1. Name the single residue, out of those in region B:17-31 being out of contact with any strand residue (DSSP E or B) (no Cβ under 7 Å at 6 or more places or on another chain) and surrounded by 15 or more Cβ atoms within 10 Å (Cβ to Cβ), that is farthest from residue A:101 (Cα to Cα).
2. Answer yes or no: is there a residue in region B:150-158 that is outside any loop (DSSP other than H, G, I, E, B) and either touching a Gly at 6+ places or on another chain (Cβ under 8 Å) or more than 29 Å from residue B:43 (Cα to Cα) (or both).
3. Checking the conditions here, which among B:26, B:102 is among the hydrophobic types (A, V, I, L, M, F, W, C), touching a Lys or Arg at 6+ places or on another chain (Cβ under 7 Å) and either closer than 27 Å to residue A:107 by Cβ or free of Cβ contacts under 8 Å to residues at least 40 places away in the same chain (or both)?
4. Examine region A:7-16 for a residue that is charged (D, E, K, R), within 8 Å of another protein chain (Cβ to nearest Cβ), in a strand (DSSP E or B) and touching a residue at least 12 places away in the same chain (Cβ under 8 Å), and state whether such a residue exists.
5. Does region B:32-50 hold any residues that are in contact with a strand residue (DSSP E or B) (Cβ under 6 Å, 6 or more places away or on another chain) and part of a strand (DSSP E or B), and which are they?
6. Is it the case, given these coordinates, that residue A:108 is crowded, with 24+ Cβ neighbours inside 10 Å, farther than 19 Å from residue B:94 by Cα and within 11 Å of chain B (Cβ to nearest Cβ)?
7. Determine whether residue B:60 is closer than 22 Å to residue B:201 by Cα, surrounded by fewer than 18 Cβ atoms within 10 Å (Cβ to Cβ) and of a type outside the set (S, T, N, Q).
There are 2 protein chains.
Amino acid sequence: MSSLKEYTESEILDRIAQWLPSNAQLICGAGDDTAVVQLCEGADDYLLTSDAVIEGVHFEPMEDLKRVGNKAAGRVLSDIAAMGGAALFLMVDLVIPAERSLEDIEQLYEGLNAQLNPFGAIIVGGDISNSAPFQVHVFAVGKLPKGTAVLRSTAKVKDQLFVTGSLGGSIAAKHLDFSPRIKEGRFLRDWATSMIDLSDGLAKDLRHILSQSDVGAVIQEQAIPVSAGLEEEPLAHALFDGEDYELLFTVKPADVDAFIKAWSEAFVDPAVHIGEIREVSEELLLQKKDGQTCKIEGEGYSHF
Amino acid sequence: MSSLKEYTESEILDRIAQWLPSNAQLICGAGDDTAVVQLCEGADDYLLTSDAVIEGVHFEPMEDLKRVGNKAAGRVLSDIAAMGGAALFLMVDLVIPAERSLEDIEQLYEGLNAQLNPFGAIIVGGDISNSAPFQVHVFAVGKLPKGTAVLRSTAKVKDQLFVTGSLGGSIAAKHLDFSPRIKEGRFLRDWATSMIDLSDGLAKDLRHILSQSDVGAVIQEQAIPVSAGLEEEPLAHALFDGEDYELLFTVKPADVDAFIKAWSEAFVDPAVHIGEIREVSEELLLQKKDGQTCKIEGEGYSHF
């Protein structure tokens, strides 16, 4: 018997993916930000995703439950954003100790609804169980025009790497208060050759693109947008902290100028150009400010 | 502050339903066996449902995980059956202590896949978190022809009540080993005027039909199909035990003879005629073997 402590979360999910059968309606199964499925004849593909927030793992026991609701809904919307999709319907499985109050649940739903409302998505049901610790499992259905989902597996050598915002230090507040990059994701459907949302840290999430696209990458230390207020080792935080919920994506080199122009007309915050896709499979390099290049060996947050 | 201990699960779910916004694509929201949504122009409506099985609540700590997988997938399929739908895609959120093994997860997925395979449904992704107790949250998407979902709210006075199988004592084995009544549910789309799956007990689940349809009912003690092997108080077990995962449904009085004939041609196990819908809203009566009639006051399993 092999204890789960010997495996990373990614290794366990990869193993599970091997046990899952496929069929003709499954366009993209386990292993990307969401599954992509064909549900009906028509102009759209559909996205399915799920994510959990658990007391003691993803939020502190005394945390404001509106913020927990914001995070729980935001995580699945960030997955949908990373495919280029729009969110439609959600289901919520709540696990809650009986000592909690109805007002606690009301606060949680205030946070969930407030996060979803700007994106036109609604919760349509779910389940409730009496157990501890408190946890919120959210399932979401999204959609996008047929064949337009932006995958992790389609980056090409010389494609240029971008992120949508600053990285690192999310634990201070952003992991509970972020707004998912749904609008940016939909815009990027026309530009990005690959995309992922940053939930486990830049280095670890970029490695998903590299391994699934069978390419390498170099990122420029001086280009990485580090979050304000990170005093110690800001680069390490930007590379390895989880839960930034920004989008990391690649653009064809020939499209870069037009992309930057179109982006700046559509959004106030810049898309930051941080590096380039290279040939050597799964090799992740950092070009430092002093001109030297080194390999990035570590990873971001790992659950097991 | 009002502790959740003061409320039943139904009361909490009713309250949550009040906090949920609606939109034009939502045909039937929280409160039925599944939500019914419009996803695209086309011939079908889509069903969304979620359910959890939690160690210590829905299964014993040392339970065979193949059976736990069978139950976890079976519960959402039973919800889809109760609308008359077919199951398509599932997502699985796993919560598992790090002390568990990869073989444990493999066994769980064997059970999940074995339950889904006969119905052509597949798991397309999910999430895994390191926490205790072990729990499996399953989300499912199903479909059925537009406008044909069989709701809880559409029973009419004089409709006749049926169940698909024997009731009570599920805790001995059936709650882990059942096969959801998907085929029967699809067949019943053409006959049933209302339907629910029996997860919380005949009395409690029938009350959902009564309150949502604003009707009452009488059931015949001698007609109730009691599970074999129930030695003490078999009637109480049949009325109040949870997790039978049979379908409870109503048929128009004029259709009963044709329905029984069609059913007997389609299925080996009989649909059992147990009672009738009456006028007095939410009044649930039991006509006893001695001819006397009494009110059924108790309820089935309640989680909080």
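The values are calculated or read from the model by the stated rules, or taken from the named source; none is laboratory data. In this text the structure is predicted, and so the values were computed from the model without any measurement. Virtual Cβ from ideal backbone geometry, glycine too; neighbours counted across all protein chains shown.
1. Top of the filtered list is B:31.
2. no
3. Only one candidate passes the filter, namely B:102.
4. Within region A:7-16, not a single residue is charged (D, E, K, R), within 8 Å of another protein chain (Cβ to nearest Cβ), in a strand (DSSP E or B) and touching a residue at least 12 places away in the same chain (Cβ under 8 Å).
5. Scanning region B:32-50 gives B:35, B:36, B:37, B:44, B:45, B:46, B:47, B:48, B:49, B:50.
6. Numbers: crowded, with 24+ Cβ neighbours inside 10 Å: yes; farther than 19 Å from residue B:94 by Cα: yes; within 11 Å of chain B (Cβ to nearest Cβ): yes.
Yes.
7. On the way: closer than 22 Å to residue B:201 by Cα: yes; surrounded by fewer than 18 Cβ atoms within 10 Å (Cβ to Cβ): yes; of a type outside the set (S, T, N, Q): yes.
The answer is yes for residue B:60.
Results for (1) surrounded by 18 or more Cβ atoms within 10 Å (Cβ to Cβ); (2) more than 7 Å from chain A (Cβ to nearest Cβ), shown as yes or no for each residue.
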position	(1), (2)
B:103	no, no
B:124	yes, no
B:138	yes, yes
B:145	no, yes
B:154	no, yes
B:167	yes, yes
